[in-house]
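S.K.: There's a structure below that I have some questions on.
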Amino acid sequence: MISKGKTDQVTINLDGQDVEVPAGMNLVDAVALHGKEIPHYCYHPQLSVAGNCRMCLIEMGTPMRDRGTGEAILEEDGSPKIGWVPKPVIGCGTNVSPGMHVKTESEMVTGCREGIMEFLLVNHPLDCPICDQAGECRLQEFATDYGRGYSRYKERKNVKPKRTRLGPRVTLDDERCILCSRCIRFSQEVAKDDVLGFVDRGSFSTLTCFPGKELANNYSLNTVDICPVGALTSTDFRFKMRVWFLKETLSICPESSAGCNTLVSSREGEIHRIAPRRNDAVNDSWMTDSGRALYKQVKSDDRLKTPLVDREESTMEDALHSTVNALQGKSVGVVGSCNSTVEEQYLLNRLAKEAKAKKYLRGHFGEDDGILLSADRTPNLRGALITGLASSYPTEHLSSLAQALKKDRLETLIVVGEDLIDSKVDAELLSGVQIIYLGTHENATSNLARVVIPTLTSFEKSGSFVNRGFFLQGFQQAVPGPAGLLPDVSVLARLINELTGEGESSSDIDSIWKDMARSSTSPLKGLSFSDCKKDGIQLDGSKWADLAFVEKKALHYQPNAKPKDG
Amino acid sequence: MEFDSEMLQQLGLKALFALLMVSAVMTMAGYSVLAERKVSAWMQGRVGPNRTVLPFVEHIPFIGPFLKGLGIFQPLADGLKFLFKEEIVPGHVNKVYYYMAPLVALVPALTTMTVLPFGEYFDEAGNSSPLILANLEVGILFIFAVSSLGVYGIVLAGWSSNSKYPFLGGIRSSAQMISYELAMGLSLLPIFLWVSVPGSEDSALSLVGIVNSQNDGAWLLIVQPVSALIFLVALFAETNRLPFDMPESETDLVGGFHTEYGSFKFGIFFVAEYAHIVVGSAIFTTIFLGGWHFLPWIADPWPATWIGTLLGIGWFLAKTVCLIFFFIWIRWTIPRFRYDQVMNLGWTKLLPLALVNLIVYVLLVTWLDQPPSVTP
Amino acid sequence: MAKTVVLERKPLSLSERTYLPQIVTGLKTTFSNMFKEKVTLQYPEEKPQLPQNYRGVPTLVKDPNGREKCVSCQLCEFVCPPKAIRITPGSVPEDEEDREHVEKAPQEFEINMLRCIYCGYCQEVCPEEAIFLLDEYSSSGYTREEMINNKAKLYELGGTLPDKHYKWDKKKDAEEEGNAH
Amino acid sequence: MSGPDLLFYFFATLSLGGGLLMVFSRHPVSAALFMIVSLVGVASLFVLLDAFFLAILQVLVYAGAVMVLFLFIIMLLDVGPSGAKASKVKLLSGVAGLISVGLLVVLLLDLGLGSMDCSECSAENCDACGESAAFAWPEIRDETAANGNSLIFSPSVKAFGFGLLAKYMLPLQVAGFLLLAAMVGVIILSKKSTAEGEG
């Protein structure tokens, strides 16, 4: 996210027009602010500048100053005299300075681009029908936009290895590589795992891993994303689907509390890949490889697809009915989940209130890699705090629930997605308890449950998560869920309505948000779902600043950071 | 009128003849369908049905392929197809009338031929008696009466189908039938006037009388061309043939009254239509084309024996077949009338024309029949 | 502006108003047509002469060495107006030496002939010249499933076409020419 | 029972049954069809009496033309069983029923009494009285037919012609005129109602 705040603005002359741009900004980005494009391959706004592709050549000049006095030299009409650099310069290697003049459309620039394109394509194979990059390939785009349209190269093209294994998830097609070195810089600078480099010279020059190493870190697939051509390909997505068939949905990665912004690509209800979405306040342009593989759980074998009542397949109506019967007039416990969306946690909290239930919440914790995989392996722990589902920081083990069960105080237990057995609650303790399990996948608890209501994964529903930096981020439904299933909010709203006997609660996300935003003490006050869908909203988390959050310092995150001013 | 043995014998004979005639008319109807398909094909530069053949006939050299090319066995295949097609009855129909309608349509078509003379039989003395199932004194009226019942088949089919297009077909058809029956009846009155001899006890309503009046003299077609024209046009209308294809009109009513009919029920309608044509052609031949008699003003060249009988019948059939061809010919030449045009033609053209024709002939016959110049 | 000429319509004469002469003329026309030469073709025995650019059933073809040309780029699937084409992409196993350099081939390739409108866009768009609308025009079946041509059927229909491009041999050629890296 | 008798009873049942079913059927279309059956039955009875001309006229005029119009109207108005039911006027139908039954009784009494008295038969055919009344019609004789004065009912077409156009000329003309007047009246009435409807 390019900050358009109150940083210093300078005026530059872009193709004869004076425009305001932030001082010191890279020229490629600055020009993009004003609707013009400087084509580039090796430049990436979040990586260091290498300047080796030469695609971004432009004409540039600065106001001339007298060497002696340092005063500006003026033309006869009083305007400053511009000292044009006699040769084209690379845009990515230039930062804006006051009074700078830039030509992005001159004859020389056009000629440069045509020449560069022709050279880049000299050994590039005509692979587009096979290439997975086709459709989102910079080489294709710039060849049509800036290329000369034909090649004068009559000799045979070089033939290189087509599938070199760089790592477990990345395959290199050597022929297509234009040696931009983005992947190398990413590995060094972002992933901090310096394994890639160029070897050999001239047309033999090749990207390769250092001897005895491979590109195996948890961020390796980002190299595939930033590769401007089809050289680096995801072994998982390779040859699976052409990108122009894919429908892209804005989503949030549910892997950890980092809350990476993602694009979920699907075709006809089947997810084919997940890619990061640029959000400079949260995840830049990166995400973890493990987060990308999460879509596989949608079609996994242990997915719950039909409601079960007493281990028998049943209908949604019957399941809801049995649930209401099990709740009415019983002492009830509710085990919430940090994997649920804010809306679900809010409704679950209300349901707990209506059923006069005791609330429990379990956390999932792991190692923090300091980048985008945080120690809190749930996407929405802070949502549970905000909605009031949890008042204290959740723990890995539900010992308080075990104690309550030991005292035999609970008759019915609503469990949302969590496995109690896994959380040090003995199966014996659960024997006398009616368990209502709402979840997406089978586990030990769902096998014990009297009623199982299958719910949807985060790819199959809309909602919002609050990440580790108290960023409220909404996401959209990418694919339809299994036939006959209801979104979790609908299930919860139905249960609340049945329990209260009033038809008040709506399962519509916008009306849930209206309810949530009504509370004057909540940080969600005055917000609506459409507000949080695009870039996310920074919430005021100071109320919980004292809690012992497990996350360590990482990309765009400071532990116990005081929220910034709006 | 006790049922004695002689009567039974006679009844048996009549039944046999009736059966023979029904099968003859049905066969002719079946082959009219083939003729329709063949003639239409030829007129449109096509070949027409030329595939169906019985297995053993196929192998007869020369004749087999010729018959196959002519499509001689097509009516057989069509009939079988109608029989073995899936019997579909739509859920929304009025079942009783739905099943009844095809029968009601077919029965009148077959009944009319009972009073139709198609030849003459000579006894040993050389006296002729007509070949006819029932020699009614009022034969022509009988034909009118029975054929007027034929409309019920179409009306019932249209109504019981309980669907829009058939209903429109039924309505149109009933209106058309009523309209053209009048002109048809009026067109025949001059015939009766012309044929009946003053003072004779014989009724001129007898078809045999009409046929015999044309023996060795002018055909009524020549004497009364206007009547013949009106009768022919009305006949087209009564048989629902193009250009008076109101009840069917597949272009705007998707088949009209038989839209909801399939398999054999539709087959019956289909055969009934062609039976109407066959019988209609025979009637026209009888009244206007001299029946089994040879050419106008020429005495029958055949001997007064059974050979003469056969030749007479053959001649009669030849004329009928020519008329059937004319029916088909007209169908593939003239486009269909619009409903209002049909009504207009019936009521404002044909009916007045028939009336004028009648008056003219009344005057003419009165003048001709004046006592000094009594026609023999 | 063009000048509008109003043509006087001549009043019909009496004979014209009876329509009878016209009907007789029509009858003459139809009758004379009965004896003209027939224009129909006796189809199963006589086959029509297909023009060179006839567009029949879409098929997949192989190169002169009998190798699959399609690389499942799915452009035909994309361009197909009635969405008759369905491709499941797949990769060519690395150990298949003969086809090593192409990597990609359709796992399954289905053309639903109940949907196909024979527009020829697939042939037009194919970058590998692997799909052709050849002269096969008689396509029939008893079930809907039968009318979906799968990959085997498509190759059976298409056969092998003479072709100048030997993309499979790129690697081999390069080794011979010395521009392999 | 002889053959003609069998036929007679069959057709009598047909016409009577058709009539009854017509009265009692709920649907107007069924009623119309039963009426046709009844009419055809009556025509068949005429045939049994050798009155072919009359029979054919019955079929031609009533079954063939009038009933087609009836059906035509019923279908156009789309009168269903409910429509027939709704048009019940209890008092009026009661009175009508009463009169009908009265007439029937009178007729039956008259018939019963009349058949006792053989003297009403014409003298020359007295032996044909009773069961075989069907054959009791007098032969047509040229003299009687020709002078037209002492016309005896006969099934022959000619007799009808003479009867209608010679002896009963005036009644025929009057009846025809009445019908014409009725038709003109109907046209005027229907025209008026549509004019009002439009106005």
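What follows is calculated from the coordinates using simple rules that are stated; it is not laboratory data. Remember, predicted model here, so these are calculated numbers, not experimental data. Note: ideal-geometry Cβ built from the backbone for every residue, glycine included; neighbour counts use all protein chains shown.
S.K.: In chain C, what cysteines have no partner Cβ closer than 4.7 Å?
M.R.: Among the cysteines of chain C, those whose Cβ sits 4.7 Å or more from every other are C:70, C:73, C:80, C:116, C:119, C:126.
S.K.: Using a 10 Å cut-off on Cβ atoms, rank the peptides A:263-272, A:105-114 from the highest mean neighbour count down.
M.R.: The densest-packed peptide leads the list: A:263-272, A:105-114.
S.K.: With each run of n ≥ 4 DSSP H residues scored as -39500 (n - 2.57), what mean residue ellipticity at 222 nm is computed for chain A after dividing by its residue count and rounding to the nearest 500 deg cm²/dmol?
M.R.: So the helix-based figure for chain A works out to -6000 deg cm²/dmol.
S.K.: Loop only per DSSP, at most 11 neighbouring Cβ atoms within 10 Å: give me the trypsin sites (Lys or Arg not before Pro) in segment A:1-83, ordered by residue number.
M.R.: Answer in residue order: A:4, A:6, A:67.
S.K.: Same structure again: How many times 2.2 N^0.38 Å is the alpha carbon radius of gyration of the protein assembly as shown?
M.R.: Taking the Cα Rg and dividing by 2.2 N^0.38 Å, one obtains 1.48.
S.K.: Average projected area of the Cα convex hull of segment B:13-73, in nm²?
M.R.: Result: a mean projected hull area of 5.3 nm².
S.K.: Using 7 Å Cα-to-Cβ label points, what is the residue A:155/residue D:24 separation (nm, one decimal)?
M.R.: With each label placed 7 Å out from Cα toward Cβ, I get 11.0 nm.
S.K.: So, one more: Report D for segment A:8-52 in µm² per second (integer): Stokes-Einstein, Kirkwood Rh on Cα pairs, 20 °C, 1.002 mPa s.
M.R.: Taking Rh from Cα pairs, D becomes 188 µm²/s.
S.K.: Looking at segment A:8-82, I'd like the Rg to Rh ratio, where Rg is from alpha-carbon atoms and Rh is Kirkwood's inverse mean 1/r.
M.R.: Using Cα coordinates only, the ratio equals 1.04.
S.K.: Restricting to Cα pairs below 8 Å that are 6+ residues apart, what does the relative contact order work out to for chain C? Please round to a whole percent.
M.R.: RCO, chain C: 25 percent.
S.K.: In nm, to one decimal, how far is the residue C:47 label point from the residue D:172 one, both placed 7 Å along Cα→Cβ?
M.R.: Inter-label distance under the simple model: 7.9 nm.
S.K.: Let me ask you something else. Counting pairs of alpha carbon atoms under 8 Å apart in space and at least six apart in sequence, what relative contact order in percent does chain A give?
M.R.: This gives 11 percent for chain A.
S.K.: May I pose another question? Cross-link partners among lysines for residue A:514, C-alpha distance below 29 Å, same-chain residues fewer than 8 apart left out?
M.R.: A:353, A:356, A:358, A:359, A:461, A:525, A:533, A:534, A:543, A:562, A:564
S.K.: Return the equivalent ellipsoid semi-axes of chain A as a descending list in whole Å, where each equals the square root of 5 times an eigenvalue of the C-alpha gyration tensor.
M.R.: For chain A, the semi-axes come out at 53, 28, 20 Å.
S.K.: Tell me the volume per residue, in Å³, of the convex hull enclosing the alpha carbons of segment D:1-83.
M.R.: 63
S.K.: Considering only DSSP beta bridges with both partners in the protein assembly as shown, what is the antiparallel share in %, to the nearest 5?
M.R.: Taking every DSSP beta bridge with both residues in the protein assembly as shown, the antiparallel ones total about 75 percent.
S.K.: Tell me which aspartates and glutamates have Cα within less than 19 Å of residue A:247's Cα, excluding those fewer than 8 residues away on the same chain?
M.R.: A:132, A:136, A:225, A:236, A:268, A:270, A:460, C:77
S.K.: How shielded is B:143-156 by partner chains, expressed as the average number of their Cβ atoms within 10 Å of its Cβ atoms?
M.R.: What the average comes to for B:143-156 is 5.
S.K.: Provide the descending list of Cα extents for chain B along its principal axes, expressed in whole angstroms.
M.R.: 69, 54, 54
S.K.: What are the extents of the Cα atoms of segment C:69-122 along their three principal axes, in Å, largest first?
M.R.: If we take the Cα atoms of segment C:69-122, the spans are 38, 15, 14 Å.
S.K.: Kindly state, to the nearest 0.05, the FRET efficiency for residue A:447 paired with residue A:393, given R0 = 41 Å and r defined as their beta-carbon distance.
M.R.: My answer for the efficiency is 0.90.
S.K.: How far apart, in nm, are the 7 Å Cα→Cβ label points at residue A:508 and residue C:19?
M.R.: 6.4
S.K.: Additional query: Loop only per DSSP, at most 16 neighbouring Cβ atoms within 10 Å: give me the GluC sites (Glu not before Pro) in segment A:462-566, ordered by residue number.
M.R.: A:502, A:504
S.K.: In a GNM of chain B with a 10 Å cut-off on Cα contacts, which of B:15, B:272, B:145 has the highest mean-square fluctuation?
M.R.: B:15
S.K.: Looking only at GluC sites (Glu not before Pro) in DSSP loops with at most 15 other Cβ atoms within 10 Å, what is the longest site-free stretch of chain B?
M.R.: B:202-376
S.K.: Only sites in a loop by DSSP and with at most 12 other Cβ atoms within 10 Å count here; which GluC sites (Glu not before Pro) in segment A:401-455 make the cut?
M.R.: Passing both the DSSP loop test and the Cβ count: A:428.
S.K.: Report relative contact order for chain B in percent, whole number only (criteria: Cα-Cα under 8 Å, sequence separation at least 6).
M.R.: The value is 21 percent.
S.K.: Another question about this same structure. If you take every DSSP beta bridge whose two residues both sit in segment A:308-544, what share of them, in percent to the nearest 5, is antiparallel?
M.R.: The antiparallel proportion sits near 35 percent.
S.K.: Sequence neighbours fewer than 8 away in the same chain don't count; with that in mind, list the lysines whose C-alpha is under 21 Å from residue C:38.
M.R.: The qualifying lysines are B:38, B:68, C:28, C:47.
S.K.: Considering lysine pairs in segment C:58-161 that are 8 or more places apart or on different chains, how many have Cα atoms under 13 Å apart?
M.R.: 4
S.K.: Further question on the same structure: Once the convex hull of the alpha carbons of segment A:308-544 is built, what does its volume come to per residue, in cubic angstrom?
M.R.: That works out to 124 Å³ per residue.
S.K.: I would also like to ask the following. Just the number, please: percent antiparallel of the DSSP beta bridges in segment A:403-480, rounded to the nearest 5.
M.R.: 30
S.K.: Also, quick follow-up: What whole-number value in cubic angstrom gives the convex hull volume per residue for the C-alpha atoms of segment C:58-161?
M.R.: Per residue, the Cα convex hull of segment C:58-161 comes to 93 Å³.
S.K.: Shifting gears a bit: Taking only Cα atoms and a 10 Å spring cutoff, compute GNM fluctuations for chain B and point out the largest among B:276, B:258, B:92.
M.R.: Of B:276, B:258, B:92, the most mobile in the Gaussian network model is B:92.
S.K.: In peptide B:328-336, how many Cβ atoms from other protein chains are near each Cβ within 10 Å, on average?
M.R.: Counting Cβ atoms of other protein chains within 10 Å of each residue's Cβ and averaging gives 4.
S.K.: Mean projection of the alpha-carbon convex hull of chain C over all orientations, in nm²?
M.R.: For chain C, averaging the hull's shadow over all directions gives 22.6 nm².
S.K.: Within 10 Å of each Cβ in peptide D:51-57, how many partner chain Cβ atoms are there on average? Round it to a whole number, please.
M.R.: Per residue, the number of nearby Cβ atoms from other chains is 5 on average.
S.K.: Let me ask something additional. Reported to two decimal places, what Rg/Rh ratio describes segment A:208-248 when computed on Cα atoms with Rh from the Kirkwood expression?
M.R.: Using Cα coordinates only, the ratio equals 1.03.
S.K.: Hey, another quick one. Which residue, B:321, B:176, D:44, has the largest displacement toward the positive end of the dipole of the protein assembly as shown when charges sit on each Cβ (Lys, Arg +1; Asp, Glu -1)?
M.R.: Checked the options; the winner is B:176.
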